[in-house]
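Just below is one structure, and these are the notes that go with it.
Every read-out reported here was derived from the displayed coordinates using simple, explicitly stated rules and does not represent laboratory data. Quick caveat: nothing in here was measured; it's all calculated off a predicted structure. When we count neighbours, we look across all protein chains shown, and the Cβ atoms used for this are built from the backbone with ideal geometry, even at glycine.
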Amino acid sequence: MACDCYLTICHRLHYPAFMNHRACTVLNLGSWLSGFLASFPSIVMISRLQFCSANTVQHFFCDLLPLLKLSCTDTSTIETLDFVAALSVLVTSLLVTGTSYICIFSTVARIPSTAGNHKAFFISASHLVVVSMFYATTLFMYAWPRSVSTFDLNKLVSVLYTVVAPFLNPSSTA
């Protein structure tokens, strides 16, 4: 979303040349590959866990923390690995997204017409609100020490980043 918004506002005339089928494929594959590589070690370690309690996950979906709570073995290594992986993926994507929005707002500030300035600002600002909400909730869920977070609060936050943030995304309603 940030790359598309950046190209739309900062390189409007070159948008079709930059955002072609190949670029979309590379962006999609990059996000899928980074997600796979970040989660694969944890998945392998989880597959070796022993589960001795009830097999009902007390969550809206099968997420890592509720699954680890069902295990009767030590999960501290998996939690640490997941914390580091989540933090690295989130910080990397946050830096890329933040850099693109800095470029967007500096470009918007240089737009001479008031109407064009307002339109570009409101498009990018609405994207930024959704992105901020997504990053804040995701950082809380996956990059927060497990000992600090409460389980019921995690349920509420998971609804925010899985339902509310996509619902508010202006790109999906356009």
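Results, tabulated for the structure shown:
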item: Burial ranking of peptide ranges 95-106, 35-46, 119-130, 20-31 (average Cβ count within 10 Å, highest at the top); result: 119-130, 95-106, 35-46, 20-31
item: Rg [Å, one decimal], Dmax [Å, integer] - segment 66-136, C-alpha atoms; result: 19.2, 63
item: Efficiency of FRET between Val129 and Ser88 - r from beta-carbon atoms, R0 30 angstrom, step 0.05; result: 0.75
item: Net lengthening on full extension, His14/Phe122 (0.36 nm per residue, minus Cα-Cα); result: 36.7 nm
item: Ser31-Val164 pseudo-label distance in nm [points 7 Å out on the Cα-to-Cβ vector]; result: 2.1
